[in-house]
Amino acid sequence: MKSNVNNDAEFKEFKDLRELLKNSVSLHSNEDAFILKNKCGQDISYTHVSYKQFQDDINYLGTSFFNLGLNGKRIAIIGKNCYEWAVTYFATVNGTGITVPLDKGLPEQEIESLLQRSYANAVIFGKDYLNTMREIKKRNSTQVQNFICMEENPDFPSFTELINMGKEKLNAGDTRFLTAPIDEQKMSMLLFTSGTTSISKAVMLSHKNITSNIYALSYVIKIYPSDVNMAFLPFHHTFGSTGLIFFLSHGVTNVFCDGLKYIQKNLVEYKVSIFVCVPLLLEAMYKKIWKEIDKQDKTKIVKLAIKISNFLLKFKIDIRRKIFKSVLDQLGGSIRFAISGAAAIDKTVAKGFHDFGITAIQGYGLTETSPVLIAERESAIRYGSTGFPLCNVQIKIDNPNENGIGEIVAKGPNVMLGYYENEEATKEVLKDGWFYTGDLGYIDKDGYIYISGRKKNVIVLKNGKNIYPEELEILINKFPYVDESMVFGMPKDDDLLLSAKIVYNTDYVQEHFINFTKEQLEEKIWQDIKELNQTLTNYKHIKYLVITDEPMIKTTTQKIKRFEEMKKILES
C-alpha cells in the first residue's frame, strides 16, 4: 500500500548530500548551524557556527583528505556526538570516499575487528580512544594508515591541524575535493548493525538512500529554521545521523547534550524545540513531570485542567501551552516536538505529552532502510500505531495469521544496497525488490500500521499461542517504580514459562517504599504483576519474575540485548 502525502508544501529531493548542504547554505548562510559549548574550569562560553562556516570546514577537511591520499578511501569515525564528527561525516561522503561510523560504546577488540572488516584506510576518533588507537596502531593489524584525533594531542595529527592544512591548500587553488564526482547510487556509508562483531552485519547505503528518506520525512514533520534540535541519538546510528541531516536540510540550529543526567538542564539552556530520541527517554521525562506534579500536590488540578483543555480542543481552542506553562518551563519552555524511534512508545506517554501541548510522534524503520519506513502524521495520530508509510515507500504484510499479523515487508528508494561481503544474508532479506524487516505487525482498516514486535523475539508456547513480549513490556513499564523490563520465555518441562525481568528505580523505591525489606519489595511487585495478569488473557499471564536494580545490557540506542540478558539469567 502507498500512503497519501501532506501537500501543504512542496519539497525538493536532492541528488546527493553535497547538493542538499549547498541548498541549506544558500538559504541560511549566516544563521547558526551549530552552537558549541566551551568549558574552561568553571567558565562556560558558546561558539556559534554558521552554515557557511560549517560548509567551509567540510571543504577544508575534505581537501586535507585528498592531500593525505584518502580520496576514494574508507574513513572510520568513532566518538561522542560533536561538531568534529559531523564535519568528518560530510567531508568523507561529499567527495572523499566512504564513511564507516563506529559505535562509541564498543570495546577495543571489537573496534579493531570492525576496522579490519570495513578495510578502513583512516580513522578519526575522540580523545577517549587515544589509548585504544595507540594499541591498534602498535599491533599494525588493520589497513589504517592515518590515525587522526578530534582533539589536540602529542601522538596523532588533530582535526584542527587538518582543517588548517586544508584551508591553506584550498586557498592555494586545490579544488579536487570541491569537484570530486559523487555517484549517488553507489555505497558511500558502511554501517554495522547492533550485535557482536561475529554476527553484526555491515549495511551499505548510498546518497540516494539518505536523500530519498530526507525528502519523504519533509512531508511528515513540520520543521522551521527557527527550531533548535538537540542531537541526542548517537550519530553512528542511522536514526541519529539521518536525523541530523534532515534538520540541517531545513536550516535548524543543532546543539549537543552534555549527557543523560543533564538532558533537562540542556533543554532549558538552549531553549530546545525539537529532538529525536528513544521511547525510554520520553517515558523517563514523562514520569519525572508527574513526579514533580505529585510533589507539589497538584495532581487533581492538573488532571482537571487536562480534561478542560481537551474539551476545548474539540472546538479548535488550544490553551494547552498557556495553562501548562509551568510544566513546559521544566523542559525549557520551547519544546514543541519529539520524534521517537527504535522501539514502540507507550501510548499513555504519547497522549500525555499531547495533553501538555507537546507533539510526540513515532517512526519505524531500520538501519537497512536509511532508516524510516513508517511515521505518524501530526494531523492523524492514532495512539498505539506507528502511522502510515512514507510517501515513497510501499508496505505490505507477508503471510498474516488469523489476526492479520505477519512480517512487515517494504519497498522504496531508501532500502539498502545490501550487506557488505554477505550475499547470503542479503538474499535472505531482499527478495524481488522487497525488504523483509524481521518485524511483525498489522494494518487496520484505515491503513494505520501497528508493530507487534520482532519476529525473532516472539515467544511460542507449547499450545501454539504466540506472545509478543514488547506489548507486555509496555504495560509493565507503566508501574512508576519500573525503569525497564524484559519479558521472555523461561525453559521449563519442554515448554516455556512466561517470565519478566524488572529493573526498579532505587530513588523511587527509597522515597515511596520506606523501610521496605527486599522481600517486601518483591512481594509488592508480585502483587502488581498479579493485578496486571487479571487484565490479560490466561496464556499471557506472567508466572516468574527476576527483580533487580541493576540496569540491563543495552545497545547505545538503549535497546535491550535480549540474547545476552537471557544468557545471564539462565547462567544464574
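The values are calculated or read from the model by the stated rules, or taken from the named source; none is laboratory data. Treat the numbers as computed from the prediction; the structure is a model and nothing was measured. For neighbour counting, all protein chains shown are included, and Cβ atoms are generated from backbone atoms with ideal geometry for every residue, glycine included. The protein model used for the area step is the full one, side chains on, heavy atoms only, and it has no ligands, DNA or RNA in it. Shrake-Rupley method; radii C 1.70, N 1.55, O 1.52, S 1.80 Å.
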Carbon/sulfur fraction of accessible area - the range 208-300, other protein chains in place, 1.4 Å, %: 57
Cβ-Cβ FRET estimate between Lys314 and Leu36, R0 fixed at 56 Å, reported to 0.05: 0.80
Please compute the contact order of the chain in relative form: average sequence separation of alpha-carbon pairs under 8 Å and at least six residues apart, divided by the residue count, as a percent. 11
Between Tyr119 and Ala425, what FRET efficiency follows from the Cβ-Cβ distance if R0 is 25 Å, with the result rounded to 0.05? 0.85
Just read off the accessible area of Lys347 with the full protein assembly in place, 1.4 Å probe, to the nearest 10 Å². 110
Which peptide among 512-521, 245-254, 430-439 comes first, and what is the full order, when sorted by highest mean count of other Cβ atoms within 10 Å? 245-254, 430-439, 512-521
Point-to-point label distance, Asp493-Glu168, nm (Cα→Cβ direction, 7 Å offset): 7.8
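Please give the contour-minus-distance gain from Glu571 to His541: 0.36 nm per residue of separation, less the Cα-Cα distance, rounded to one decimal in nm.
Extra length from Glu571 to His541 when fully extended: 8.4 nm.
How high is the relative contact order of the range 1-100, in percent, counting Cα pairs under 8 Å that sit 6 or more residues apart?
23
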Per 0.36 nm of contour for each residue apart, how much would the distance between Glu564 and Ser226 grow if the chain were fully extended, relative to their Cα-Cα spacing? 117.4 nm
Unit charges at the beta carbon, dipole of the chain: most positive-side option, Val429, Val144, Ala33: Ala33
What does the accessible area per residue of the chain come to in Å², with a 1.4 Å probe and no ligands, DNA or RNA counted? 46
Roughly what would the spin-label model give for Thr548 and Asp297, points 7 Å off Cα along C-beta, in nm? 4.0
Under a point spin-label approximation (7 Å from Cα along Cα-to-Cβ), what is the Gln145-Asp398 distance to one decimal in nm? 4.2
Where nothing but the Cβ of Lys and Arg (+1) and of Asp and Glu (-1) is charged, how large is the charge dipole of the chain around its Cα centre, in debye to the nearest 20? 1000
Multiply the residue gap between His512 and Glu135 by 0.36 nm, knock off their C-alpha separation, and tell me the result in nm, one decimal place. 130.9 nm
Taking every alpha carbon pair in the chain and sorting the distances into 10 angstrom bins from 0 up to the bin holding the longest one, the percent per bin comes out as 3, 16, 26, 27, 18, 8, 1, 0
Quick check on the range 127-269: of the DSSP beta bridges with both residues there, what percent are antiparallel, nearest 5%? 50
How far is helix 108-118 tilted off the main Cα axis of the chain, in degrees rounded to 10, range 0 to 90? 60
Highest first, please rank the peptides 152-160, 224-232 by the mean number of other Cβ atoms sitting within 10 Å of their residues. 224-232, 152-160
Specify the inter-centroid distance of the range 349-366 and the range 481-542, based on alpha-carbon positions, in whole Å. 27
Percent RCO, i.e. relative contact order, over the range 35-93, from Cα pairs under 8 Å lying at least 6 residues apart: 29
Prolate/oblate/rounded call for the range 472-572, Cα gyration tensor, a/c under 1.5 rounded: oblate
